[in-house]
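The values are calculated or read from the model by the stated rules, or taken from the named source; none is laboratory data. This one's a predicted model, so the numbers in the text were calculated from it and none came from an experiment. Every residue, glycine as well, gets a Cβ built from its backbone with ideal geometry; the counts of neighbours run over all protein chains shown. SASA here: full protein model, heavy atoms, side chains in, ligands and nucleic acids out. Shrake-Rupley method; radii C 1.70, N 1.55, O 1.52, S 1.80 Å.
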Amino acid sequence: MTNTTIVEETIAFVKETLQGAEGGHDWFHIQRVFRNSLLIAKDEKDIDILVVSLGALLHDIADAKFHGGDETIGPKLAKEFLISLGVDKVITEHVVQIIDNISFKKTLEKGGVKFSSKELDIIQDADRLDAIGAIGIARTFNYGGFKNREIYNPDIPPNLHMTKEEYKKSSAPTINHFYEKLLLLKDKMNTKNGKILAEQRHQFMLDYLEQFSHEWNPQSL
Ligand code: ADP
Ligand code: NI
């Protein structure tokens, strides 16, 4: 099978598997991460583009949030799929490691991130870009609505020192998520292009939060 066919087959598999997914974790999220990964990869050296493509396409194939917290399903499903296509073992293993280590929660856990590669750096940046800016705001409120969370509650302050378990269990208002995760991402970007793109999206979120606060407290206008 050529690399082009492998990627095409993977796109079809992901579209099919994610039918009916929550709006922030659907095929279009994957498509944006895939496209941004390829864009960022253009300016990086010695990158395996097949690994970047497959990692981006499969990174949320079975997100633990939607599978009772089970973090093993995604990597397992991706591995079975790539083996069924006859993809090279080393490439398959690399993609599985990427899926296993890309998540923000992992960074909250001491010793949680056990793997690094340039391909992971690129996909992680593309995934983080999709978590911030205008699209990030839309995804975040969509997820909050999906979980029936409050939009904002002035009596529940953000928790900036959550463990991975607390983060997973949190049912705090959606605005808190900006302080607990989204605003932290700009300084966690790995690549040159990722950092540049994150700056502008970060500023947009700050402007948004300022406006939100003005509207919530009209006397401050
Ligand atoms: P990762 O998959 O990298 O661990 P998350 O699962 O925390 O990242 O989040 C992916 C996206 O899902 C977030 O960027 C956000 O849009 C949405 N999301 C996750 N947790 C929350 C939350 N508590 N409140 C609102 N949105 C959330
Ligand atoms: Ni993602």
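Of the residues making up the range 100-127, just one is among the hydrophobic types (A, V, I, L, M, F, W, C), closer than 14 Å to Glu71 by Cα and open to solvent by 20 Å² or more (accessible area, probe 1.4 Å), namely Val113.
Residues that are part of a helix (DSSP H, G or I) and either in contact with a helix residue (DSSP H, G or I) (Cβ under 6 Å, 6 or more places away or on another chain) or among the hydrophobic types (A, V, I, L, M, F, W, C) (or both) within the range 55-70 comprise Gly55, Ala56, Leu57, Leu58, Ala64, Phe66, listed in sequence order. If you filter the range 137-152 down to residues that are touching a residue at least 40 places away in the same chain (Cβ under 8 Å) and more than 6 Å from ligand 1 (Cβ to nearest atom), you find that the one that is farthest from Leu182 (Cα to Cα) is Phe146. Taking each residue of the range 200-221 that is free of Cβ contacts under 8 Å to residues at least 40 places away in the same chain and looking for partners that are open to solvent by 90 Å² or more (accessible area, probe 1.4 Å) and not charged (D, E, K, R) with beta-carbon atoms closer than 8 Å, six or more apart or interchain, yields His214/Leu221.
The condition (being in a helix (DSSP H, G or I) and either open to solvent by less than 20 Å² (accessible area, probe 1.4 Å) or of a type in the set (D, E, K, R) (or both)) is satisfied by just one residue among Ala131, Ala138, Ala198: Ala198. Here is the figure for the range 141-183: residues that are within 16 Å of ligand 2 (Cβ to nearest atom) and open to solvent by 30 Å² or more (accessible area, probe 1.4 Å) total 7.
For every residue, the table says whether it meets (1) of a type in the set (Gly, Ala, Ser); (2) more than 19 Å from Ser116 (Cβ to Cβ); (3) more than 17 Å from the chain's Cα centre (by Cα).
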| site | (1), (2), (3) |
| --- | --- |
| Glu8 | no, yes, yes |
| Leu18 | no, yes, no |
| Arg35 | no, yes, no |
| Ile40 | no, no, no |
| Thr72 | no, yes, no |
| Lys89 | no, yes, yes |
| Ile99 | no, no, no |
